[in-house]
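Okay, structure first, notes after.
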Amino acid sequence: MKKGIRAACAGAAVLAAMAWMQDAQAQRAPWWERQKAAQAAAQAAEGDEVNAQADAMPPPVRQPVSQAPAIRREKIEGPGYTWIEAGVARLDVDLYDVGEHGNGGYARGSVAVTDNLYVFGGYDRVSKQWNMQGERLEIAIDQAEIGLGASLSLSARTDFISELSLLRLGAKLDYRDREYPEDDFSGRDHLYAGKLMLGIRARPVPNLELWAKAGYLRVDDNLLVDHSMVGNVGLQYRFTPEWGLVGEAEFYEDVRFYRLGVRASF
């Protein structure tokens, strides 16, 4: 009888312990889940706050490329080979112990065909007049030239040049006598020549161009003009990128040409 009571009490105790454990587990599971949920919510809130602060910060200001400070660099240009020019000319002649001069004008130009080749041409005309008691004598001398030139760059602003050209040298004489009109006469003649020139063209500063050339002139057989060495020096001062003032001197054995003009470069 006592054993039956003890067994019944033990069974009741086991049943009570099992019930208490189930209640404890039931109470613990929601609490841990609530703790985990609360921690997850706190972490999510912190992440949202950080993202909100990042969104609230103004984006970094980037300076457009077009507004970036530019460094000015001087454009280095060499001598130009495309231009037209016109001006006044003077011819000094020391021939057969006689020194005379004539005044006139000239026009010439050059066109660059490639980076290293150019064609050029020009025309000069000068004249001289004498008046002596009803008599008048006028002599006019003209020179036409056409040629081909080549340039070889020695540096950014200096070129070595060679030029080969054909010249037509002409002269006109006109004599008038008011007392004896039957003695009036006029005539003209011309001859051809070839010229080879070698030299240097340089542009040391943007508004100044210099050149110096030397060569040889071979003339057709005639009684007045012989073959001659030739020298040429000149300069151009540019008061704008397109317009400039030009001065040049060309020397033969007995003849000197001087030119002063205005050049337009392209």
Within a Cβ distance under 13 Å of GLY121, other residues only, what is the Lys/Arg minus Asp/Glu net charge? -1
Note down the relative contact order for region 197-250 as a percent, whole number, built from C-alpha pairs under 8 angstrom at least six residues apart. 30
Trypsin sites (Lys or Arg not before Pro) within region 156-205, DSSP loop, no more than 12 other Cβ atoms inside 10 Å: ARG178
Loop-only chymotrypsin sites (Phe, Trp or Tyr not before Pro) in region 80-126, please: DSSP not H, G, I, E or B, and at most 15 other Cβ atoms within 10 Å. TYR96
Out of region 74-118, which GluC sites (Glu not before Pro) are coil in DSSP terms and have no more than 15 other C-beta atoms within 10 Å? GLU74, GLU77
To the nearest 0.05, what FRET efficiency results for PHE239 and ASN103 with a Förster distance of 25 Å applied to their C-beta separation? 0.50
Between GLU138 and ASP254, what is the spin-label point distance in nm, taking each point 7 Å from the Cα along the Cα→C-beta axis? 2.5
Please list the equivalent ellipsoid semi-axes of region 133-266, computed as the square roots of five times the alpha-carbon gyration tensor eigenvalues, in descending order and whole angstrom. 37, 20, 11
Mind checking the full-extension length gain between LEU173 and SER153? Use 0.36 nm per residue of separation minus the Cα-Cα distance, one decimal, nm. 2.7 nm
Going by Cα centres, region 190-249 and region 119-162 are how many Å apart? 9
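FYI, it's all coordinate maths here, none of it is from the lab. Computed from a prediction, not measured in an experiment: that's the story for all the values here. Glycine gets a Cβ as well: all are built from the backbone with ideal geometry, and neighbour counts include every protein chain shown.
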